[in-house]
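Contents: one structure, followed by commentary.
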Amino acid sequence: MKTKIRELRKALKMSQEELANAVGTTRQTITSIEVEKYTASLVLAYKIAHYFGLPIEEVFDFSDVEEI
């Protein structure tokens, strides 16, 4: 799943480690999300979006998610 996490982080001059600490996860998880090897849980996606003050849809691209 594509995200804007890297761009948002870079705009704030924030490291992956700093974001990970802020949202209660590991740097490795942030890295994996940024390179699209891992899809964040709904709770983690909410925490990340909330941290940046944005709705989830502005941080995560759900266009490739299958509809029910």
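The values are calculated or read from the model by the stated rules, or taken from the named source; none is laboratory data. Quantities reported herein were computed from a predicted structural model and do not represent experimental measurements. Quick reminder, even Gly has a Cβ in these numbers, built from the backbone with ideal geometry, and neighbours come from all protein chains shown. Surface accessibility is based on the protein's heavy atoms, side chains included, excluding ligands, DNA and RNA. Shrake-Rupley method; radii C 1.70, N 1.55, O 1.52, S 1.80 Å.
Just the residues that are within 17 Å of Ile56 (Cβ to Cβ), out of contact with any Asp or Glu (no Cβ under 9 Å at 6 or more places or on another chain) and not hydroxyl-bearing (Ser, Thr, Tyr), please, taken from the stretch 9-41.
Of the residues in the stretch 9-41, the ones within 17 Å of Ile56 (Cβ to Cβ) are 9, 19, 22-25, 29-30, 33-34, 36, 38-41.
Still in the running and out of contact with any Asp or Glu (no Cβ under 9 Å at 6 or more places or on another chain): 19, 22-25, 29, 33-34, 36, 38-41.
Across the stretch 9-41, the qualifying residues are Leu19, Ala22, Val23, Gly24, Ile33, Glu34, Glu36, Ala40.
Would you pick out the residues in the stretch 23-42 that are of a type in the set (A, V, I, L, M, F, W, C), surrounded by 11 or more Cβ atoms within 10 Å (Cβ to Cβ) and assigned to a helix (DSSP H, G or I)? Answer for the stretch 23-42, where residues must be of a type in the set (A, V, I, L, M, F, W, C), surrounded by 11 or more Cβ atoms within 10 Å (Cβ to Cβ) and assigned to a helix (DSSP H, G or I): Val23, Ile30, Ile33. Screening the stretch 43-68 for residues that are open to solvent by 100 Å² or more (accessible area, probe 1.4 Å) and of a type in the set (D, E, K, R) and picking the one that is farthest from Ile5 (Cα to Cα) gives Glu67.
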